[in-house]
Each structure stands twice: as structure tokens, then as C-alpha cells.
Amino acid sequence: LKFSEIYGCKSTIISLEFFPPKSPEQLQTTYSLIQELSLFNPDYMTVTYGAGGGTRILTRELVGFIHNNLHVQAVSHLTCIGHSKDEIDQILDKLKQDGISNIMALRGDAPRGGTFTKHPDGFSCARDLVKHIAKRGDFSIAVAGYPEGHQEAKSIEDDILYLKEKVDAGAEVVVTQLFFKASMYFDFIERTNAAGINVAIVPGIMPIGNISQLNRFTTMCGASIPKALAQSLKKFENDAVALTKFGIDYAIELCRELLSGGAPGIHLYTLNKSTQIKPILRELIGKTRLKKEAS
Ligand SMILES: Cc1cc2nc3c(=O)[nH]c(=O)nc-3n(C[C@H](O)[C@H](O)[C@H](O)COP(=O)(O)OP(=O)(O)OC[C@H]3O[C@@H](n4cnc5c(N)ncnc54)[C@H](O)[C@@H]3O)c2cc1C
């Protein structure tokens, strides 16, 4: 199914994002995790694409596993970093051979916080990657969107005009960067509607499970932690169990607010863990959709 068909045919589309493990030895653990979460019947599962090195090969492995072994719709992320156009075409050819037809097209970030540099024969931004993939005609494409604006954008207005260019280039869905307040999503929807963007915009939600990790991620991607949330989190600095529970409840409440306000679905950043994702999925997915083993 193309993204436009997935989001066109029913409401509350649930997607799960995984990342490839650092080494092939850890693949089995990742397979088990993905299999465990597939029992919740998500609509699709995505696998991120690393900035370089060995994990890029594992993205293809995992996406193939999701598609062929679990028979769940699989989406491969793909970034411009370090690739020429020819290499991108070779990757797309291999994905096509594997039966994968959905791509999350991204620019990517330089490894270890460096600045992005274009490959001499490659693409300088996600829009150009989208254009290239769309020209082939054999993939359906998702892109990233930033409710608080991307860190390098001159302004949120500029970022949204550019997002429109990504959609006009062929993206069928936008998945957002993580955020922690429903109003941020609804403000973003108002702005994207006003800019004439009319594809599904799916909120990306990351459950909070660890405060230092939360601080690291938000610093890295420029997402803000609302004051009230930061205040609540103080109570859990020395109580990991209570924080896990708080993170689940916070994510469920946020998802409920988003869905009841019209969000077409939820994209969960699983961080390759199931402890918090499972109870969230139980709340989000009607019990009928659960396979027996997951209930
Ligand atoms: C859902 C999601 C999934 C992700 N998956 C991955 C992954 O698998 N691997 C990975 O490495 N990273 C991933 N990222 C992170 C992403 O690569 C970074 O956020 C990166 O900094 C930007 O990628 P992009 O595709 O949004 O870039 P782009 O859309 O190219 O935008 C990058 C910046 O350039 C600006 N810009 C570019 N061209 C123009 C123009 N012509 N006019 C105006 N402004 C312009 C944009 O406003 C923005 O500030 C993901 C992010 C999200 C939200």
C-alpha cells in the first residue's frame, strides 16, 4: 500500500519506528523485539538509516525481515548523507528487489554533530532526494516535519514553505519530529494547512523513559520540554520505576488528545524498547486488533 492509501483507508494509523543495532550480533535481539511488537498489528513499521558505517546494511536486513517474515508493511528510511545519486539508485533497486515500496526520505545529519555536507554527486536536501525517488515512480514517500521548526531553518515560516516543496516534490505523508505538547501539533497543522499542505501529518511521539536521554535527544533535535513537564520530571530524578509509569501515562494522554483533535495516527519512536510501547499500544489499538499473544 502507498502512504496515501494507508492514511486514506482508515483512521488511527499506528506506526512504529526502530533503529538498526550497532552490530550484526545484536540483530537477533532486535528481530525478537520487532516480532513482539508486530503482535499489536501496527499498520507499518519503519527502520532508520544511520549516518554511515555498518548499520546501514542492517536497515535493509530489518526492513526485509518485517516485510518477508512478519508480513507487516515495512518502510525504509534513507538519507542523503555520503551517497552519490548512483548509490541511492542502487539502494532503491535493492529495496525494490526485496519488495519494499515505501521510503522515508531524509537529508540526515552529519555523524557526531558535525555540519551536513553534500556528497559531490549527491543531494543537498530531502526535497531533492524526494524528487529523485518520485521520478522513478516505484516508491511511495514520507518526509520529516518539524512542529517547532528545524534547527537550521531561518524561521518556522520558511521551514513550512520548504516542507510544502517536499510535498510538491512527491511526499505523500509527513511524520513529525518528537514534541511534548498537543498544542504544538495543532498549531503546526494550522500553519501547514494555511500553506496549502494537504497530506496526512502524523505526530511522532517518544515516550519519556530516561531523563538524561530525553535531555540529549531534545538538545540534538531542537525540541522543547514544556515547563510543566520539566517540573513534573523533577520528582522522578531518582525513581526510574515511577518515571517509566509517568512516561507511559504522559504519552497515552498526549496521543489521546492528538487523536481526538483529528491526528490521522501516531508514529511511535520505540527506541528499540517494548516496556513502555506495549502499554501505550494497548491503549491506542482497539483490543480487536491485538493478536492473541499480545493481549
Ligand atoms: C520522522 C523522522 C525520521 C528521521 N529518520 C532519520 C534517519 O533514519 N536517519 C537520520 O540520519 N536522521 C533521521 N532523522 C533526522 C533528520 O535527518 C534530521 O532532522 C536532519 O537534520 C534534517 O533532515 P530532513 O530530511 O528534515 O532535511 P531537509 O528537509 O532537507 O531540511 C533540512 C534543513 O534545511 C532547510 N532547507 C533545505 N533546503 C531548503 C530550501 N530549499 N529552502 C529553505 N530551507 C531549506 C530546512 O528548512 C531545514 O532547516 C529523522 C527525523 C524525523 C523527524
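Each value in this text was obtained by applying a stated rule to the coordinates, not by laboratory testing. Since this is a predicted model, take the numbers as computed values, not measurements. Here the Cβ positions follow ideal geometry from the backbone for every residue, glycine too, while neighbour counts run over all protein chains shown.
Structure notes:
- Convex hull volume per residue for the stretch 244-284, taking Cα atoms only, in Å³: 58 Å³
- Assuming charge only on the beta carbon of Lys and Arg (+1) and of Asp and Glu (-1), the dipole of the chain about its Cα centre is about 460 debye to the nearest 20.
- Ordering TYR162, ILE208, ALA110 by the projection of their Cα atoms onto the charge dipole of the chain, which places +1 on the Cβ of Lys and Arg and -1 on the Cβ of Asp and Glu, puts ILE208 at the extreme positive end.
- Positive-end residue of PRO42, SER32, ILE88, charge dipole of the stretch 1-158 with Cβ unit charges: ILE88
- A full extension of the chain between HIS119 and GLU25 corresponds to an added length of 30.8 nm, given 0.36 nm per residue minus the alpha carbon distance.
- The calculated FRET efficiency for the pair ARG256 and ASP98, based on their C-beta separation and a Förster distance of 41 Å, comes to about 0.70.
- When the square roots of the Cα gyration tensor eigenvalues are ordered a ≥ b ≥ c, the ratio a/c for the chain is under 1.5, which makes its shape rounded.
- Of the cross-linked pairs LYS94/LYS154; LYS10/LYS94; LYS181/LYS234; LYS154/LYS181; LYS96/LYS278, those separated by over 25 Å at the C-alpha level are LYS94/LYS154; LYS10/LYS94; LYS96/LYS278.
- Scaling against 2.2 N^0.38 Å puts the C-alpha radius of gyration of the stretch 189-237 at 1.52.
- Antiparallel %, DSSP beta bridges [both residues in the chain], to 5: 0 percent
- Applying 0.36 nm per residue to the separation of GLN35 and SER4 and subtracting their alpha-carbon distance, the gain on full extension is 8.6 nm.
- Length added when fully stretched, ASP187-LYS234, from 0.36 nm per residue minus Cα-Cα: 14.2 nm
- Zero-based 5 Å bins, Cα pair distances in the stretch 180-289, whole percents: 2, 11, 21, 23, 21, 13, 7, 3, 1, 0
- Three-way shape call for the stretch 1-90 based on the alpha-carbon gyration tensor, with the a/c threshold at 1.5: oblate
- Partners for LYS2 among aspartates and glutamates (Cα-Cα distance below 13 Å; same-chain residues under 8 apart left out): ASP43, ASP138, GLU172
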